[in-house]
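Asker: First the structure, then my questions, so here it is.
Just so it is clear, none of the values below were taken in a lab; they were calculated from the coordinates. Being a predicted model, the structure only gives us computed values, none of them experimental. Cβ coordinates were reconstructed from backbone atoms using ideal geometry, including for glycine residues, and neighbour counts include every protein chain displayed.
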Amino acid sequence: MTDGRQVLILESAVRAAQEGNNRDAIRLLESVLEPELDARFWGLLGDLYVEEEQYASAVDALQMAIRQDPSSSALFSALGRAYLAIGRLRDSEEAFQTSIRLKPTAARWVMLGDVQASRGRERLARQSFEHALALESNNDEALFNLALLLRSKEPRRAEALLDEVLTIDAEFAKAYRELGFIRLRRGEHTRAEEDLSRAMQLDPDDPWTSVYLAALAEAKGNVSDAQAHLERAREVAIMEGFPDYLLGDLLARGGRWAEAEAKYHDALQANRKDPEATFHFARFLSDCGRKGEARDWAERTLALDAGHEGAAELLGDLQCS
């Protein structure tokens with residue numbers, strides 16, 4: 001229920017948000033909040049909290065909005081984004097699935113696939129990206145994310161998808177980055193350098209581009225350049241607030257094994273029940289040749305998340321080795 005004053009405040013908050021004054025809009029909405037307010041208030045407040053990176057508050061507001069309007073696909077989609085930002089991947093996946101059941105869009109399928117890929121559910125993620133492309137064949141985010149899933153096992157197809165992304169958006173920095181990675185692995189250093197240099201020009205704050213440039217420099221025997229790129233990657237990742245297990249991945253990719261292991265331990269000390277932290281550590285241990293420990297951690301991941309396809313595949317590989 002809303003009275004006339006609350007409607008006026010809602011309209012003022014909408015105008016403030018449209019003018020880019022999110023904090024003023026939040027203050028206006030917070031001045032009249034009560035549980036009985038309709039979903040428009042709570043939903044707008046939740047969206048504003050997301051934009052201001054106040055994700056825990058966003059979750060609370062969006063849950064209140066959904067109680068008032070459980071048929072709103074937009075509210076569930078916003079809730080999925082908020083959960084994703086605070087690392088609640090399972091809840092994020094469920095929220096995006098609900099938003100798609102209510103109203104499927106290409107963008108929502110992409111977001112769902114991204115969460116599923118982060119949870120190691122690669123088969124489901126691939127299906128989600130394909131659903132997105134069925135709705136919108138030139139969706140560059142779906143094409144890019146599908147290429148990421150395929151780059152290790154089907155690098156030629158991944159390369160073709162990334163080229164397609166660049167025909168849609170010639171300034172898609174991450175597409176250049178991943179083309180550089182694929183070509184680096186094939187030993188095509190000149191083409192890899194061109195791609196990675198373009199990626200760095202377009203997005204100098206992407207730490208993974210710096211990691212790949214470090215690997216390229218090392219492959220060419222330029223040890224000092226490799227170390228400089230890795231240090232840049234580490235600094236940017238910390239600045240961007242990467243979780244510790246992703247910092248571990250970044251350091252491991254650069255060959256800094258001891259520092260990487262320390263970061264995985266930091267992540268596990270913070271939350272030993274985080275299946276992503278346990279999976280990334282298991283994968284690291286496998287890459288280091290510590291197969292027995294890797295099996296233990298892969299099993300722990302599956303105990304925390306029985307649907308974690310990445311952990312199941314890793315465990316299968318380890319049991320065969």
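Asker: Could you tell me how many degrees, from 0 to 90 and to the nearest 10, lie between the Cα long axis of helix 207-219 and the main elongation axis, the longest principal axis, of the Cα atoms of the chain?
Answerer: So the inclination is approximately 10 degrees.
Asker: Continuing with the same structure: Compute, for the stretch 174-241, the length of the dipole vector about the Cα centre, with Cβ point charges of +1 (Lys, Arg) and -1 (Asp, Glu) only. Units Debye, rounded to 20.
Answerer: 280
Asker: Let me ask you something else. How large is the dipole of the chain about the Cα centre if only Lys and Arg carry +1 and Asp and Glu carry -1, each at its Cβ, rounded to the nearest 20 debye?
Answerer: That gives the chain a dipole magnitude of about 900 debye.
Asker: Can you give the charge dipole size of the stretch 142-270 about its Cα centre, rounded to the nearest 20 debye, using +1 on the beta carbon of Lys and Arg and -1 on the beta carbon of Asp and Glu?
Answerer: I would put it at about 500 debye.
Asker: Treating the angle as unsigned and between 0 and 90°, give the value, to the nearest 10°, between the Cα long axis of helix 140-150 and the longest Cα principal axis of the chain.
Answerer: Tilt of helix 140-150: around 40 degrees.
Asker: Okay, next question. Expected output is a single nm value to one decimal: the length gained when fully extending between Leu8 and Asn222, i.e. 0.36 nm times separation in residues minus the C-alpha distance. What is it?
Answerer: Residue separation times 0.36 nm, minus the Cα-Cα distance, leaves 70.6 nm.
Asker: Grab the eigenvalues of the alpha-carbon gyration tensor for the stretch 1-103, scale each by 5, take roots, and send me the semi-axes largest first in whole angstrom.
Answerer: The equivalent ellipsoid of the stretch 1-103 has semi-axes of 23, 15, 11 Å.
Asker: Also, quick follow-up: What is the spin-label model distance, in nm, from Asp169 to Leu33 if the labels are put 7 Å beyond Cα along the C-beta direction?
Answerer: It is 3.2 nm.
Asker: Full extension from Ala134 to Glu51: what is 0.36 nm times the residue separation minus their Cα-Cα distance, to one decimal in nm?
Answerer: Gain on extension, Ala134 to Glu51, equals 26.9 nm.
Asker: Another question about this same structure. Sequence gap of 8 or more, or different chains, plus Cα separation below 24 Å: how many lysine pairs satisfy both in the chain?
Answerer: For the chain, the number of qualifying lysine pairs is 6.
Asker: Next question, about the same structure. Report the one residue of Gly255, Val110, Phe144 whose Cα lies farthest in the direction of the positive end of the charge dipole of the chain (charges on C-beta: Lys and Arg +1, Asp and Glu -1; origin at the Cα centre).
Answerer: Farthest along the dipole direction, towards plus: Gly255.
Asker: Compute the long axis of helix 189-202 from its Cα atoms, compare it with the longest principal axis of the Cα atoms of the chain, and write down the angle in degrees, 0 to 90, nearest 10.
Answerer: Compared with the principal axis, the helix lies near 20 degrees.
Asker: Relative to the present Cα-Cα distance, how much length would full extension add between Asp60 and Glu235 at 0.36 nm per residue of separation?
Answerer: This chain segment gains 59.7 nm when fully extended.
Asker: Which values, in whole Å and largest first, are the semi-axes of the equivalent ellipsoid of the stretch 187-321 obtained as the square root of 5 times each eigenvalue of the Cα gyration tensor?
Answerer: They are 29, 17, 13 Å, listed from largest to smallest.
Asker: Which listed residue (Gly80, Gln6, Ala56) has the Cα farthest towards the positive end of the charge dipole for the stretch 1-127, taking +1 on Lys and Arg C-beta and -1 on Asp and Glu C-beta about the Cα centre?
Answerer: Of the listed residues, the answer is Gly80.
Asker: Using a 10 Å cut-off around each Cβ, can you sort Lys174, Lys103 from fewest to most neighbouring Cβ atoms?
Answerer: Starting with the residue having the fewest Cβ neighbours, the order is Lys103, Lys174.
Asker: Distances over 39 Å make up what percent of all Cα-Cα pairs in the chain?
Answerer: 20
Asker: While we're looking at this one, here's another question. What number do you get for the stretch 35-149 when its Cα radius of gyration is normalised by 2.2 N^0.38 Å, N = residues?
Answerer: Taking the Cα Rg and dividing by 2.2 N^0.38 Å, one obtains 1.06.
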